[in-house]
Every structure is written in structure tokens, then in C-alpha cells.
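**Q** The following block contains the structure, expressed as C-alpha cells.
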Amino acid sequence: IFEVWGLSGDPDATSAVHAISDMNNSMKEAYDFMRQKRNELSATLIREDRAPTSAELSAVSKSVDKAFDKGFKAKHAAEIRMGDALKGVYTKLHGANAGNAAKLWWNDVMKFSEKIVADEKKFRAEQDTAREMGADRAAISDAKKKYYSENKQRWIADLRAINDEGIARLERIIKNKGGDATPTPAPTTPTPPSDTGPRADESNLRRIAT
């Protein structure tokens, strides 16, 4: 994408690429650790032909939570770098107003991400407490399934709305060669670019958004 825009090797473009990689890797490490700990416990239970104790489940849960806390912190640091890089990229391509709009969009994405992380941490803490209090394993599992089934689609829809509004605002500023970066309602269907070249290829924004 950046090569097409004429920014191959640009410091801000390079920083954005590295930030994307760091965001992905930070969470991959957390998920890999979670699978490892669960597989280790499962292997022990199969070998000893028994069910897990509450203490074992709690220990695994707490170690996984610690790994995810570390991952979320690393991801957040990378997200901050991404916002600064996007501002730099769009300032160079389209001017200061576009740079500010790009960072405003990304800041909205980060705030939403932080809200989800905080909500999930609260839920996991509640599950840990229930586990330590001796709650039925099936009930804990059902609560987890219910929590994610009720929230996942809503989170996806809310994030899509944030991206649509932020990207549409940025596109308007680029096309109008002016305007400002104050939040305004996004159009139902953003107008597609009418010409070609790096300044028109804003559909690539949606690749970055996802």
C-alpha cells in the first residue's frame, strides 16, 4: 500500500508496518501461551485419569490473565505508535487536516479497544472468583459462552461504525482538500474515489482498519 502511495521507505510508513506487526505478535504470544498452559493441564489430567481441581483451574486462569495483560500493554503501545504513524503518513500525502483526521479516527478505535479489554478483564475476574468459590464448571462454561455470544456481534458492529465514520471523515477532507478533523456523522455510503493514483486509493484505509 505505502509503495503505491510513493512512501516506500518513509519513516512513518515503516513505523506503521512495524506497529501492525507488533500488535499482531503481542496477541499471538498471549494466545500461544494460553493454549500451551491448557494443553499441559489437559495432558496431566489424561495421564492421571482425573478431573481438574479448582486450584489447578484457578492457577491456569491467573497465569493466562497475566500473559494477556502483558500482551494488551504491548498491543496498546504499538497502537499509539500506529496513530502517530498514520498522522505522519496522511499529513505528507494530503496535509495537516488529513493527518489530524487520521489520528482522530485511530484514537477512536483505540478507545473502543480499551473499553472491550476492560470489560473482558472484569468478566474474567468474576469467573475466577466463581471458580475459587467452587462454582460448577458447567455453569462457568455456560456463562462464558453466553458472555461472548451476546457481546461479540455487538462489538463487531460498533467497531465497524467507528471505522466507517472515521474513514468517511478522512475521505471527505482528502477530497475537499480542506475541512477539519472534528467528528461528523459518516454518510450511509461513502462516495468512491473518482480518479486514480495514491490520492484516490483511500479504499486501502479499510485494509489498515481491519
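The values are calculated or read from the model by the stated rules, or taken from the named source; none is laboratory data. All values reported here derive from a predicted model rather than from experimental measurement. Note: ideal-geometry Cβ built from the backbone for every residue, glycine included; neighbour counts use all protein chains shown. With ligands, DNA and RNA removed, areas are computed over all heavy atoms of the protein, side chains included. Shrake-Rupley method; radii C 1.70, N 1.55, O 1.52, S 1.80 Å.
**Q** Report every pair of residues separated by at least 6 positions or lying on different chains whose Cβ atoms are under 6 Å apart, first residue within the stretch 7-18 and in contact (Cβ under 8 Å) with a residue 60 or more places away in the chain, second surrounded by fewer than 19 Cβ atoms within 10 Å (Cβ to Cβ) and hydrophobic (A, V, I, L, M, F, W, C).
**A** 13/2
**Q** Next up: For the stretch 3-41, give me each residue that is over 22 Å from residue 76 (Cα atoms) and open to solvent by 50 Å² or more (accessible area, probe 1.4 Å).
**A** Just the residues of the stretch 3-41 that are over 22 Å from residue 76 (Cα atoms), to begin with: 3-10, 35-41.
Within the stretch 3-41, 3, 4, 6, 8, 9, 35, 36, 37, 38, 39, 40 qualify.
**Q** Given the conditions (1) farther than 23 Å from residue 134 by Cα; (2) in a helix (DSSP H, G or I), and given that residue 2 satisfies all but one, which numbered condition is not satisfied?
**A** Of everything listed in (1) farther than 23 Å from residue 134 by Cα; (2) in a helix (DSSP H, G or I), residue 2 misses just condition (2).
**Q** While we're looking at this one, here's another question. Among (1) closer than 30 Å to residue 44 by Cβ; (2) at pLDDT 95 or above; (3) among the hydrophobic types (A, V, I, L, M, F, W, C), where does residue 78 come up short?
**A** (1)
**Q** Which pairs have Cβ atoms under 6 Å, sit 6 or more apart or on different chains, and link a residue in the stretch 61-79 that is in contact (Cβ under 8 Å) with a residue 60 or more places away in the chain and over 18 Å from residue 20 (Cα atoms) to one that is part of a helix (DSSP H, G or I) and open to solvent by less than 40 Å² (accessible area, probe 1.4 Å)?
**A** Partner pairs satisfying both residue conditions: 61/128.
Residue by residue, here is whether (1) at pLDDT 90 or above; (2) out of contact with any helix residue (DSSP H, G or I) (no Cβ under 8 Å at 6 or more places or on another chain); (3) not in a helix (DSSP H, G or I) holds:
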{"residue": "59", "(1), (2), (3)": "yes, yes, no"}
{"residue": "88", "(1), (2), (3)": "yes, no, no"}
{"residue": "100", "(1), (2), (3)": "yes, no, no"}
{"residue": "108", "(1), (2), (3)": "yes, no, no"}
{"residue": "124", "(1), (2), (3)": "no, no, no"}
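**Q** Shifting gears a bit: Sort out which residues of the stretch 144-165 are open to solvent by less than 60 Å² (accessible area, probe 1.4 Å) and either closer than 13 Å to residue 119 by Cα or of a type in the set (S, T, N, Q) (or both), and write them in order of number.
**A** Matches in the stretch 144-165: 147, 151, 155, 163.
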